[in-house]
Structure formats: C-alpha cells, structure tokens
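The values are calculated or read from the model by the stated rules, or taken from the named source; none is laboratory data. Since the structure is predicted, the reported quantities are computational estimates derived from the model, not experimental observations. All Cβ positions, even for glycine, are placed from backbone atoms using ideal geometry, and neighbour counts span all protein chains on display.
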Amino acid sequence: MLKVLTEAFGVSGYEAVVRDIIYKEIKDFCTEVEVDSMGNMSVFKKAKGGKGNKKVLLAAHMDEVGLVVTDITEDGYLKFAPIGGMDPKVFISQRVTIGDIKGVIALKAIHLTTAEERKKPVDINQLYIDIGAKDRADAEKYVSKGDYCAFDSKYEEFGDVIKAKALDDRVGCMIMIDMLKKDWNVDLYCNFTAQEEMGIRGAMVASRGIKPDYAIVLEGTTCNDLPKTNETMKVTRRGQGPALSILDLASKANPELMNMLMAAAKKYDIPYQFRASTVGMNDAGAICIADGGVKAASVSVPCRYIHSPVNVMSKKDFEDCERLIEAFLKELGEDD
Amino acid sequence: MTATICKSFAPAGQEAQMRELIQKQMTEIFDDVQTDVLGNLICKTGSSGRLCVECGMDSCGVMIAAKEDGKAYFTGVGPITAEYLIGKKIVFANDVFGIVRYDGKTPSDAKLSDLYLETETDKLGIGEFGVVESDYCESRDKMFANGLSNRIGIAAVVEALKKMPKPEDLCVVFSAQKRFDARGIQTFLGVNEFEKVITVDSIGCGNAIKSGRGCSLVVVDKAGVCDSELRTELENLIKGEELEAVVTVTDENLFISDISTAGKGTACAAVAIPVENKGKSFEGVKKSDFCAAVTLLTKAIEAL
C-alpha cells in the first residue's frame, strides 16, 4: 500500500489521486467521510466501546512537493518553479511526470560550462524540463503553463530501508489508514490534509470544529544524520525510533500529551527519540491554535533527503511509529 | 515586583512559573482567572467584550538539541542571536545552569550552531528549555536586566492593575508563546471577541525612540497599523491627561497585525516601554518611562 501511495501524483493543491486511493482503502472502516473545498478528507470513526470516549484527532498531509510549469521556450523546453520548499540542487537530472507525460530536468552539460559557472550554485533559472518536444508548438500539444509536475521515483526496499518519493507525508497517511482499520475505545478523527507544503493551509480549515481532547500529527520528518554534520543539525537519526517533536516554527508540543506518548512508549517497549530542532513546521501549527487551543504533538518517522525524489526511511522506525500510535490509542481507550 | 518577574523562569511554551506568580496577584483583582490549553492566563471581570489588555508572559531562550563529549548543543527558542548569548549564564527549570561558549574568534560571525554549553550534561535532557539569567539590578533611575524587554510589559500591566480600583468590566490576558508569532493571544482571540485590544510590550531605543520621554503609543509597527479610532481615543487621553507618552512608529514587530486579524478582527493599539540596549546584555529601562506606561494603562483602562 505504501508503494501505491508514494508513487501516486499528489503535488500540493492536486491531491485528488492520493485522496481517492485512501478513500477506497478506508471507506469500509469508518463512520463518516467528508471532503471539503480545500481538498481535505476528514474521516470519523466512532469508538467501538468504552464510556465517555475521548476524542482523538490524527492528521497527516496527502500532498507532496513538486513543480509547476511557468513557461515553454521556443525550443520546446519547460521552465518551472517549485511548489513547496526545495533546494534547486535536487532537481538536476531528475525524471518528472506531468500527467502522463514524462520528462527529465536538464542542465547544460559540463563540457559546455565555464570554470566560473561550475563554481556557482545552480540557479533554478538555469534548469528546464525536457519532454522531447521539437519546439514550443509541439510541447504545447502535451503541456500547458500552470501544469503541475511530480518527481518520477519508484518505491524500492533494500535491507531495513525504504526509498521513495513523498514519504513526507504518505508515511503519515499510511499509519492513519492502518489505524482506521482497527477498532478503538476512542472517537477517532483522521484528517488527510491538503496543501501542507504550501503553508499548512489545508489543516487551517480542516482542524476547526473538531475540538479533540488530543491531536497527533503524523509526519515524515527531516533526518540529517549524515557525516560531518553538526550535532544540532542532525534533527533526527534513522533507526532510533519515531521522533517526538518538541518545538518547531509553528508549534510547541503539549507537555501532557508528550508525557502520555512517552509513557505509552515505555510501557510497550517502543524506542523513540526527540526531534531536537526548531526548524520546519507541520499541520500541528494549525491544529494547536484551532478553536481556542488544542493539545497537540507531532510523531514522525525520520526520513533522510526529504523534499527530494529519494526519501529514505527505516522500516523499523515506521513500524515503531505505528506501534506507538496504537499504544497511545489503546491506553487512552482503557483510561475511559 | 519587577525584579521578581524578571527572575521568573518562562521560556516560550513553558510559562508555568511566571503564570503562577502573576496568577497570585490577579486572583485578588479579577472574579475569574483561568488558564487555557495553550497556557494563556485569562483574567476577567464582566463579560461585555469591551476591552482586552494583552501582554506576553514568555521570554526567548534556548533548547537543548544534542549532547556530545560533555558539551550541550542548543537551538534558539524565539528570536535570539548567537552574539548575544556568548558568555551568558543559561539557567534551567531544574536549577542546573550552563555557560555559553564559543570557540571562534569573531563573535559577530557566530551562529547558534557554533555555540555550546559548558554544563552538567548528565542533568539536562534533550528538549530541556533554558533562559539567560536575568541578574536584575537597579541604579538611580534605571532598571537593568538581561531579557528585561520580555518582562517589563508584564510588570507594567501588573503594576497598573494593582494601582487602580478593581475593574468592573475588563479582560487581561497574559499570553503564552508571544515570542512564537503571538500564538497564544491569536488563539485566544480566535474564540473570544473584543471591541478593543491594547497590547503591552517593549520597544528598542534608537534614532527615533529615546528613553526618558515617557512610554510609546505605537501607531505603526513592522507588520501592522494601530486602529485609527482607538489611536484617536488614546491620543486624546494622552493630551487631556497630560500623560508622558509619545506617538511612535517602529520597524519592530509588536504583533499589531497578528492581533488585529485574529478571529473576526479587532481594533488594536500597542503601548510600549522604551528599552535601551534591547536584545543585548543588560537591557535598561528608565523608571520614569515605566511609570508613564503604568499611568497610561491605568487611565486607558478606566476611560475605554
């Protein structure tokens, strides 16, 4: 299922394909499903048992970073701009899809660059997408300005590792799907949100009106445990379990909820780590300020090279993240 | 009281100690004192939604991000610079402290990631929040402290409320996470409507803003403008009562825009206390400017 989810096209604002895949998977397991004008899919699953059921909101975003075609040159090449935060270095020599059309992101060959050009970082204006068109008229038969492009990257597994595009945040969607397939003694709300990569816009709309007792954002988060990296810049480490965020640019985790998550991890012997960086943001930023304030936290699977075509995560971290959410929901249900 | 407020531990998002301190003062003044999910301290008497006075409770600080070879590395909590932190004593909630070290030669080039804490690393966990020790002191007509700019507004609001008769219809919010884009007050105003909001803060002295001239009525800040009607009301009050306050324009963000646009929108004005050396070691505030802010707040609460 994660293969299907990650290979699907879902650049911010165009999440329909991903949403449909998810809907088909969860429709038989939930009480209500609603899609709003932003494209968020809000799912409710009534508690199976228990008394005075707690309301828990889980959230994960469906969208991924990508590109938008800004111009078509006379030669038939496509100029583009990023959708979401990306380093132009990751674009070079990548395969992309524009609907059914395939293309590659090209840069002038090294033989043709000057020594001076080679010293400078690549600017997005130097890059273009080659779809094999003869000229502008030929390109316009297949592509228009404003068309969205996604990276064309296959899901692969090797050892403990999964490589795919859009693990941020299809991994969160996958965990929510799995949670919806089980019964709980809590009223479970799952928001599959849109446009997270464009400034957590979907969650700003979808988070209102639920007023959950607790909210957990499920994410694929930065993992920068690379050689010669300053300790404070590693953020998370692959293989050390799900990451609990303490603070980012848009939210600070609720201490009560953090303690509950840590207690659940300890009880069920699940490893965890802290996301010890204040950079980045996610849907928790919108959720924590909704309706006068919500107790919110983020639990993430560390993913190396996020916002690129080759995200890499540990299967074990993914499994442990699922176990942690299960443990939390189970414990909360038993408290009732 | 200002000294006690300055010494309270309240990094953004962990304002409990400060909240407790203020709460003790406010329960004598207000009928209803509550804390919401984000940690805002909401003090209310009456419920007309006429006026809300707001002031951030939190201060900038650091968060432990990694420990290695007996050193603790950290990131910033709120806007805080590496140059300011070098050599400072950082205190933590569990009374552990650390000294910020920088092994480079040019402090102005330092980044937060270049700094580390010389501390008892075994007593500090990842994610632990710390703040620069205040070291509050007074000399003649001035107050000095590290982080005074984050605290002087609270002291002014508390002082004003203690000085005036018990209000009959007022809401005062000591907001949490102000250093994070005014998240606390924005959340509160998202579900509570008010005709007018006065936010109380500090403002750095510079070319146009001098200390010793009273407090500032900020009409334009980095991102927003004061409501024109509320501005007129406050300006008339200042003239009529001959208060020591000057109309001020600043490029600092006092969150006028964030507050004005929260919820269904509200009229907002900012009262600020000039702070010398803002953002650097031992910020200074003239007592006369502080008193001017207290008086303006007292009169404004009574008049509005």
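I need the full set of residues from segment B:135-160 which are among the polar types (S, T, N, Q) and surrounded by fewer than 24 Cβ atoms within 10 Å (Cβ to Cβ), in order please.
Listed by number, the residues that qualify are B:139, B:146.
Every residue in segment A:169-185 that is at pLDDT below 95 and buried (at least 24 other Cβ atoms within 10 Å of the Cβ), please.
A:169
Looking at A:228, A:252, which is the one that is out of contact with any Ser or Thr (no Cβ under 7 Å at 6 or more places or on another chain), within 14 Å of chain B (Cβ to nearest Cβ), buried (at least 23 other Cβ atoms within 10 Å of the Cβ) and free of Cβ contacts under 8 Å to residues at least 60 places away in the same chain?
None of the others qualify; the one that does is A:252.
So how many residues does segment A:91-113 have that are surrounded by fewer than 21 Cβ atoms within 10 Å (Cβ to Cβ), over 17 Å from residue A:124 (Cα atoms) and in contact (Cβ under 8 Å) with a residue 24 or more places away in the chain?
Residues that pass the stated criteria total 4.
Search segment B:36-69 for residues being in a loop (DSSP other than H, G, I, E, B) and buried (at least 24 other Cβ atoms within 10 Å of the Cβ), and hand back the single one that is nearest to the other protein chains (Cβ to nearest Cβ).
Among them, the one singled out is B:38.
Being of a type in the set (D, E, K, R) and farther than 30 Å from residue A:212 by Cα is the filter; apply it to segment A:49-75 and report the residue that is surrounded by the fewest Cβ atoms within 10 Å (Cβ to Cβ).
Top of the filtered list is A:74.
Restricting to segment B:249-304, name every residue that is among the β-branched types (Val, Ile, Thr), in contact with a Gly (Cβ under 9 Å, 6 or more places away or on another chain), in a loop (DSSP other than H, G, I, E, B) and buried (at least 17 other Cβ atoms within 10 Å of the Cβ).
The one that is among the β-branched types (Val, Ile, Thr), in contact with a Gly (Cβ under 9 Å, 6 or more places away or on another chain), in a loop (DSSP other than H, G, I, E, B) and buried (at least 17 other Cβ atoms within 10 Å of the Cβ): B:250.
Here is a yes/no grid of residues against (1) touching a Gly at 6+ places or on another chain (Cβ under 8 Å); (2) within 12 Å of chain B (Cβ to nearest Cβ); (3) buried (at least 19 other Cβ atoms within 10 Å of the Cβ):
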| site | (1), (2), (3) |
| --- | --- |
| A:213 | no, yes, no |
| A:218 | yes, no, yes |
| A:223 | no, no, yes |
| A:243 | no, yes, yes |
| A:268 | no, no, no |
| A:283 | yes, no, yes |
| A:296 | no, yes, yes |
| A:300 | yes, no, yes |
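Considering B:184, B:190, which residue is assigned to a helix (DSSP H, G or I), surrounded by fewer than 24 Cβ atoms within 10 Å (Cβ to Cβ) and within 14 Å of another protein chain (Cβ to nearest Cβ)?
Only one candidate passes the filter, namely B:190.
Determine which member of the set B:3, B:72 is small (Gly, Ala, Ser), within 13 Å of chain A (Cβ to nearest Cβ) and either more than 21 Å from residue B:201 (Cβ to Cβ) or touching a residue at least 60 places away in the same chain (Cβ under 8 Å) (or both).
Checking each option against the conditions leaves just B:72.
Return only the number of the condition from (1) more than 17 Å from the chain's Cα centre (by Cα); (2) of a type outside the set (Asp, Glu); (3) under 22 Å from residue A:281 (Cβ atoms); (4) modelled with pLDDT of 95 or more that residue A:61 does not satisfy.
Every listed condition holds for residue A:61 apart from (1).
Could you tell me which of the residues B:129, B:144 is farther than 21 Å from residue B:204 by Cβ, touching a residue at least 24 places away in the same chain (Cβ under 8 Å), in contact with a Gly (Cβ under 6 Å, 6 or more places away or on another chain) and of a type outside the set (S, T, N, Q)?
Result of the check over B:129, B:144: B:129.
Working only within segment A:1-48, note down all residues that are closer than 26 Å to residue A:329 by Cα, among the polar types (S, T, N, Q) and surrounded by fewer than 20 Cβ atoms within 10 Å (Cβ to Cβ).
Passing the criteria: only A:31.
Quick check: anything in segment A:22-33 assigned to a loop (DSSP other than H, G, I, E, B), more than 17 Å from residue A:282 (Cβ to Cβ) and either basic (Lys, Arg) or in contact with a Lys or Arg (Cβ under 8 Å, 6 or more places away or on another chain) (or both)?
The answer is yes, given that some residue of segment A:22-33 is assigned to a loop (DSSP other than H, G, I, E, B), more than 17 Å from residue A:282 (Cβ to Cβ) and either basic (Lys, Arg) or in contact with a Lys or Arg (Cβ under 8 Å, 6 or more places away or on another chain) (or both).
Among the residues of segment A:56-109, what is the count of those that are over 27 Å from residue A:173 (Cβ atoms) and in contact with a strand residue (DSSP E or B) (Cβ under 7 Å, 6 or more places away or on another chain)?
11
Please list, ordered by first then second residue, the pairs with beta carbon atoms under 9 Å, 6 or more apart or interchain, first in segment B:91-110 and of a type in the set (S, T, N, Q), second surrounded by fewer than 15 Cβ atoms within 10 Å (Cβ to Cβ) and outside any strand (DSSP E or B).
Sorted first by the residue in segment B:91-110, then by its partner, the pairs are B:94/B:123.
Of all residues in segment B:75-88, count the ones that are within 12 Å of another protein chain (Cβ to nearest Cβ), free of Cβ contacts under 8 Å to residues at least 40 places away in the same chain, out of contact with any Ser or Thr (no Cβ under 6 Å at 6 or more places or on another chain) and closer than 22 Å to residue B:123 by Cβ.
Final tally of qualifying residues: 1.
Quick test for you: out of B:122, B:169, pick the one residue that is without any contact (Cβ under 8 Å) to a residue 24 or more places away in the chain, surrounded by fewer than 22 Cβ atoms within 10 Å (Cβ to Cβ) and either charged (D, E, K, R) or in contact with a Leu (Cβ under 7 Å, 6 or more places away or on another chain) (or both).
B:122
Determine which single condition residue B:15 fails, assuming it passes every other condition in (1) among the charged types (D, E, K, R); (2) within 14 Å of chain A (Cβ to nearest Cβ); (3) touching a strand residue (DSSP E or B) at 6+ places or on another chain (Cβ under 7 Å).
Failed condition: (3).
Considering only residues that are of a type in the set (S, T, N, Q) and either in contact with a Pro (Cβ under 7 Å, 6 or more places away or on another chain) or farther than 25 Å from residue B:49 by Cα (or both), which ones fall in segment B:215-272?
Residues satisfying the conditions are B:216, B:248, B:250, B:253.
Out of all the residues in segment A:76-90, which are buried (at least 24 other Cβ atoms within 10 Å of the Cβ) and under 29 Å from residue A:283 (Cα atoms)?
A:80
Scan segment B:225-236 and tell me whether some residue there is free of Cβ contacts under 8 Å to residues at least 40 places away in the same chain, touching a strand residue (DSSP E or B) at 6+ places or on another chain (Cβ under 9 Å), over 23 Å from residue B:138 (Cβ atoms) and of a type in the set (Asp, Glu).
yes
Kindly evaluate residue B:113 against the criterion of being more than 14 Å from chain A (Cβ to nearest Cβ) and modelled with pLDDT under 95.
Here the answer is no, as residue B:113 does not meet what is asked.
I'm trying to understand the selection: among the residues of segment B:204-223, which are of a type in the set (Val, Ile, Thr) and either more than 24 Å from residue B:59 (Cβ to Cβ) or surrounded by fewer than 24 Cβ atoms within 10 Å (Cβ to Cβ) (or both)?
Within segment B:204-223, B:209, B:219, B:220 qualify.
Within segment A:58-98, can you find the residues that are in contact with a Cys (Cβ under 9 Å, 6 or more places away or on another chain) and small (Gly, Ala, Ser)?
Of everything in segment A:58-98, those that are in contact with a Cys (Cβ under 9 Å, 6 or more places away or on another chain) and small (Gly, Ala, Ser) turn out to be A:59, A:60, A:66.
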